[in-house]
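As structure tokens, the structure follows; a few thoughts come after it.
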Amino acid sequence: QVQLVESGGGLVQAGGSLRLSCAASGGTFSRYVMGWFRQAPGKERAFVAAISWSGGSTSYADSVKGRFTISTDNAKNTVHLQMNSLKPEDTAVYYCAHKGGGLVTDSAARFGSWGQGTQVTVSS
């Protein structure tokens, strides 16, 4: 079983930046996909971005394209989410997720391991 620990959340003004990190441990790390999802109060969990283990394949939600960048550091089993030009509507709890295999997907049901989440709050 893969354990995931997120860090880097916080409070930022609109237009600002934050960098989230997710450290993975346990399990095996051959081919896998790491993803970020978010859940705002009263809303369902939504896909943000995902990346293959090699970094060669990425996917982004339309709402974050051009503002967020996902990257992976395989040597450290860590995935990052650089968030720029943040908007109040980006406010949510952000969750890191892991799935085996190399197919990048935006489906939360495909991810088997989840972190506890980190709060991101963007003030207007």
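Picking from Gly15, Gly27, which residue would you name as being of a type in the set (Gly, Ala, Ser), over 20 Å from Arg67 (Cα atoms) and over 11 Å from the mean Cα position of the chain (by Cα)?
Exactly one residue qualifies, and that residue is Gly27.
Quick check, is Ala75 open to solvent by 60 Å² or more (accessible area, probe 1.4 Å), within 20 Å of Gln3 (Cβ to Cβ) and of a type in the set (A, V, I, L, M)?
Answer is yes for this residue.
Taking the stated definitions as given, is Ala61 at pLDDT 95 or above and surrounded by 21 or more Cβ atoms within 10 Å (Cβ to Cβ)?
When the stated conditions are applied, Ala61 does not pass them.
Going by what's in this entry, would Lys99 be described as at pLDDT 95 or above and within 18 Å of Ala46 (Cβ to Cβ)?
no
Just checking, how many residues over the range 9-44 are touching a Leu at 6+ places or on another chain (Cβ under 8 Å), assigned to a loop (DSSP other than H, G, I, E, B) and closer than 11 Å to Tyr94 by Cα?
Residues meeting the conditions: 1.
Provide a single number: the residues in the range 1-55 that are more than 20 Å from Ala108 (Cβ to Cβ), of a type in the set (Val, Ile, Thr) and surrounded by fewer than 16 Cβ atoms within 10 Å (Cβ to Cβ).
1
May I ask you to list the residues in the range 47-61 that are under 19 Å from Leu18 (Cα atoms) and either free of Cβ contacts under 8 Å to residues at least 24 places away in the same chain or in a loop (DSSP other than H, G, I, E, B) (or both)?
Tyr60, Ala61 - these are the residues of the range 47-61 that are under 19 Å from Leu18 (Cα atoms) and either free of Cβ contacts under 8 Å to residues at least 24 places away in the same chain or in a loop (DSSP other than H, G, I, E, B) (or both).
Residue by residue, here is whether (1) open to solvent by less than 40 Å² (accessible area, probe 1.4 Å); (2) among the hydroxyl-bearing types (Ser, Thr, Tyr) holds:
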| site | (1), (2) |
| --- | --- |
| Thr69 | no, yes |
| Met83 | yes, no |
| Cys96 | yes, no |
| Asp106 | no, no |
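Does Thr78 satisfy the criteria of being over 15 Å from Leu11 (Cα atoms) and either touching a Ser or Thr at 6+ places or on another chain (Cβ under 8 Å) or not small (Gly, Ala, Ser) (or both)?
Spelling it out, Thr78 is indeed over 15 Å from Leu11 (Cα atoms) and either touching a Ser or Thr at 6+ places or on another chain (Cβ under 8 Å) or not small (Gly, Ala, Ser) (or both).
The values are calculated or read from the model by the stated rules, or taken from the named source; none is laboratory data. Being a predicted model, the structure only gives us computed values, none of them experimental. Ideal geometry is used to build each Cβ from the backbone, glycine not excepted, and the neighbour counts take in all protein chains shown. Heavy atoms of the whole protein, side chains included, go into the accessibility calculation; ligands, DNA and RNA do not. Shrake-Rupley method; radii C 1.70, N 1.55, O 1.52, S 1.80 Å.
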